[in-house]
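What follows is calculated from the coordinates using simple rules that are stated; it is not laboratory data. Everything numeric here is computed off the predicted structure, so don't read it as measured data. Neighbour counts run over all protein chains shown; Cβ positions are idealised from the backbone, glycine included.
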Amino acid sequence: MISIIILTLNEERLLPALLDSICQQRADHEVIVVDGGSQDRTLEIADRHGSKHCPLLPVAGMGSASVRSKLVAMFCSSFMRTVCCFQEH
């Protein structure tokens, strides 16, 4: 099992393409959307794709490395990959 963790904040424009790309993968995987308090349709889009939500609030002021460290402690998959919507996929 691979855990794919997507760090989001107001990513309604880019999230659909990322989730579509991930859904095309054949490996056994789960998608976890970690949201920093989006004010747009980010979580609605994640719901449509069947993603798990793991809002880590408050994450404001926490660097992405701190958020990733918390995630490593929470999820114990064989493999884990964190991505941001602005990364090429």
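List residues of the stretch 16-43, by number, whose backbone nitrogen lies under 16 Å from a label position 7 Å along Cα→C-beta of Val72. Taking a point 7 Å out along Cα→Cβ of Val72, no residue of the stretch 16-43 has its backbone N under 16 Å.
From a point 7 Å beyond the Cα of Asn10 in the direction of its Cβ, which residues of the stretch 33-53 have a backbone N at a distance under 17 Å? Label zone hits: 35-45.
Derived scalar couplings between HN and Hα for the stretch 25-40 equal 6, 8, 5, 5, 8, 10, 10, 10, 9, 9, 10, x, x, 4, 9, 10 Hz in order, rounded to whole Hz, by the Karplus curve 6.51 cos²θ - 1.76 cosθ + 1.60 (θ = phi - 60°), x for Gly and Pro.
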